[in-house]
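The values are calculated or read from the model by the stated rules, or taken from the named source; none is laboratory data. All figures in this text were calculated on a predicted structure; none of them were measured in a lab. No Cβ is skipped: glycine too gets one built from the backbone with ideal geometry, and neighbour counts run over all protein chains shown.
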Amino acid sequence: MLKVLNVVGARPNFMKVAPIVEAMKRREGEFMPLLLHTGQHYDEGMSDAFFRDLGLPAPDVYLGVGSGSHAAQTAAVMQSFEPVVLSERPDWVVVVGDVNSTLACALVCSKLGVRVAHVEAGLRSRDRTMPEEINRLLTDQLADLLLTPSEDADANLLAEGIPRERIRFVGNVMIDSLFSQLERAKLSTVREELQVEDKDYATLTLHRPSNVDERDAFSRILDALEQIAERLPIIFPVHPRTRARIKEFNFTERIERLKNLRLVDPLGYLDFLRLYSGARLVLTDSGGIQEETTALSIPCLTLRENTERPITIELGTNQIVGTNTAKITEAAFNALDSPRETKKKRVPPLWDGHTAPRILEALLEGMRDSEGMRDEG
Ligand code: UD1
């Protein structure tokens, strides 16, 4: 029986861990899953709503670290996570994605000699000003098992000198959640509440520090939104970081003048899925949304200069447009002017809704391999 401690911390972690925990619960005799929430995200709309929507069980352990500077937050997770690992002594710790909790927990495990598996390993934006890029690079150096969502990630890891035998291409586990929740999301009444018609609105998300903590970049994006909002309503669920910057930069009045740019509180998983899946166009700086729109063939404009998910551009519906006003509006108008029912784009290999079972197999195999090595030694 494998005892596995699954770690979640921030909003983009929940939909990656839910299918893994569920698959482990289905294989009771082989897996004993524990769920640990660091508390990096803690608001009802950023955390609890996702537990409910995704059917995640209440965490077995809640660390309650909350917000803070990068150093303070990472250190707080490490300090409170270490005693849990020492008392639970799991066979595996599973960390996902690239948030501060991911790196903090991986670092604790590697120092304690506890096996750690990284789900969504190998993605690289090659932009080290992004906090997530640092988290990705370091977590991958520490992990014993690197579970990749796409083959470009395998290539990145090999180029960084990670041994082939530690890498497993398993596919994209977010898409397991997406496919399994599509039907339930149809019950959401979010579009009716917002009074938007299918394929007649855009959805926007914005929370990267490089966009919202920089007044000029944020302002350039608002300039573009002013023009796009003349064509169709834009629904904008606002991340708490972004909400704070809007106030700080005195953008409130400017935004209020744009009647077609509609700010709403952060949405839960099902409401948000219902919203973006019916959008004519998605504008975002999120990593996960680039993937989800690709899986559903919805046009996506990424308001960043780079992406760690190039496959969403090669095969999917994603386009990098940066934060230049003219570039954003041009790309948006092109998308709006092109025929609605364009040919369905290709969904990347192994984004098939069955990644979680492959992750479980890799954990079992990884355990057998390391026990084999111990016996030989
Ligand atoms: C974090 C992740 C980012 C991810 C994003 C998704 C890191 C370095 N960043 O960024 O990769 O894309 O989550 O949302 O781990 N806050 C609340 N309520 C909450 C959580 C945060 O009000 O539940 C506010 C706090 O003021 C906090 C700020 O949002 O200071 C930023 O939160 P933080 O977790 O530091 O980073 P995110 O921007 O959310």
- Item | Any hit, segment 80-93, residues being within 14 Å of the ligand (Cβ to nearest atom) and in contact (Cβ under 8 Å) with a residue 12 or more places away in the chain | no
- Query: For Ser80, are the conditions met, namely being of a type in the set (Ser, Thr, Tyr), more than 26 Å from Thr148 (Cα to Cα) and part of a loop (DSSP other than H, G, I, E, B)?
  - Reply: no
- Which pairs have Cβ atoms under 7 Å, sit 6 or more apart or on different chains, and link a residue in segment 351-377 that is closer than 15 Å to Met1 by Cα to one that is among the β-branched types (Val, Ile, Thr) and at pLDDT 95 or above? Ala362/Val170; Leu363/Val4
- Message: Please go through segment 112-123 and give me each residue that is out of contact with any Pro (no Cβ under 9 Å at 6 or more places or on another chain) and in a loop (DSSP other than H, G, I, E, B), ordered by number.
- Response: Gly113
- Among residues belonging to segment 96-128 that are more than 12 Å from the ligand (Cβ to nearest atom) and among the β-branched types (Val, Ile, Thr), point out the one that is surrounded by the fewest Cβ atoms within 10 Å (Cβ to Cβ). Val114
- Query: Out of all the residues in segment 1-31, which are β-branched (Val, Ile, Thr) and within 18 Å of Glu44 (Cβ to Cβ)?
  - Reply: Val8
- So Leu54, is it more than 13 Å from the ligand (Cβ to nearest atom) and modelled with pLDDT of 95 or more: yes
- Query: Do we have Asp43 as more than 10 Å from the ligand (Cβ to nearest atom) and farther than 30 Å from Glu365 by Cα here?
  - Reply: no
- Give the residues of segment 58-77 that are surrounded by 13 or more Cβ atoms within 10 Å (Cβ to Cβ), outside any strand (DSSP E or B) and more than 13 Å from the ligand (Cβ to nearest atom), sorted by residue number. Pro59, Asp60, Leu63, Ala75
- Query: Inside segment 218-265, can you point out the residues that are within 15 Å of the ligand (Cβ to nearest atom) and out of contact with any Leu (no Cβ under 6 Å at 6 or more places or on another chain)?
  - Reply: Phe218, His239, Pro240, Arg241, Arg243, Ala244, Arg245, Ile246, Lys247, Glu248, Asp265
